[in-house]
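Below: the structure, in structure tokens.
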Amino acid sequence: MINALSTALEKEVEERSGEKPRLCYQCGKCSTGCLFNFAMDILPHQVMKLVQYGQRERLLGSHTIWICASCETCTARCPNDIDVARVMDTLRAMALEGGVAPAERNIPIFHRCFLGNIQATGRISEPVLMGAYKTLSGDLFSDIGLAVRMLKKGKIKLIPSVVRGSREVRRIFREAKE
Ligand code: SF4
Ligand code: SF4
């Protein structure tokens, strides 16, 4: 339950996510299980604490909220049933809505390209996805060797296909936006 001592940030996160960061007792299980903890500037259990302390700018401007891959390992490990991944997702949405420049510039670009590809055809086409991502991010050549190896092994399908229910997929996107 939200009480009188809750910070504005804590109240907002709780209302939007339905989760209760206040219940976190800092056991650290979420952070030790996180596969991406090595790349984070704030570990998941620290995120819970900073939400309690109302550290909005620090959290919304962090690398962590963009490094988080929503794998839900933290959620599964939490002895207090806090959906940590959902809290991360909520903070990401708050950062986007608040116009906070993402600390990891290319990750939101990748998200947009991925979703745009799904919305258009109902499935991912690697060449289309990577073409869009590389163009928008300006990171043109960093994986070129890997791309060539994958092409040689037939791992990349050059001609994109459209799923049968693509119209349905577009409708889902439309309704989600509304
Ligand atoms: S959901 Fe995010 S924070 Fe949680 S374990 Fe996965 S990557 Fe780490
Ligand atoms: S696992 Fe749950 S209780 Fe433990 S630190 Fe993480 S969020 Fe807090």
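The values are calculated or read from the model by the stated rules, or taken from the named source; none is laboratory data. Note that the structure is a prediction, hence the values are computed from the model and not measured. Note that we place each Cβ from the backbone using ideal geometry, even for glycine, and neighbour counts take in every protein chain shown.
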**Study point:** Matching residues in region 43-65 - criterion: being part of a loop (DSSP other than H, G, I, E, B) and either crowded, with 20+ Cβ neighbours inside 10 Å or not assigned by TED's automatic domain parsing to the domain that holds ASN80 (or both)
**Key:** SER62
Review point. Which one of ALA147, ALA76, ALA85 is hydrophobic (A, V, I, L, M, F, W, C), over 19 Å from the mean Cα position of the chain (by Cα) and assigned to a helix (DSSP H, G or I)?
Key: ALA147
Practice item. Name every residue in region 53-91 that is of a type in the set (Gly, Ala, Ser), in contact (Cβ under 8 Å) with a residue 40 or more places away in the chain and in contact with a Ser or Thr (Cβ under 6 Å, 6 or more places away or on another chain), in order of residue number. Key: GLY54
Review point. If you go through region 138-157, how many residues are surrounded by fewer than 11 Cβ atoms within 10 Å (Cβ to Cβ) and in contact with a helix residue (DSSP H, G or I) (Cβ under 6 Å, 6 or more places away or on another chain)?
Key: 1
Practice item. Under 7 Å between Cβ atoms, at least 6 apart or on separate chains: pull out the pairs that start in region 92-113 with a residue that is under 22 Å from VAL51 (Cβ atoms) and end on any residue that is surrounded by fewer than 18 Cβ atoms within 10 Å (Cβ to Cβ). Key: VAL100/GLY61; PRO102/PRO108; ALA103/GLY61; ALA103/HIS63; GLU104/HIS63
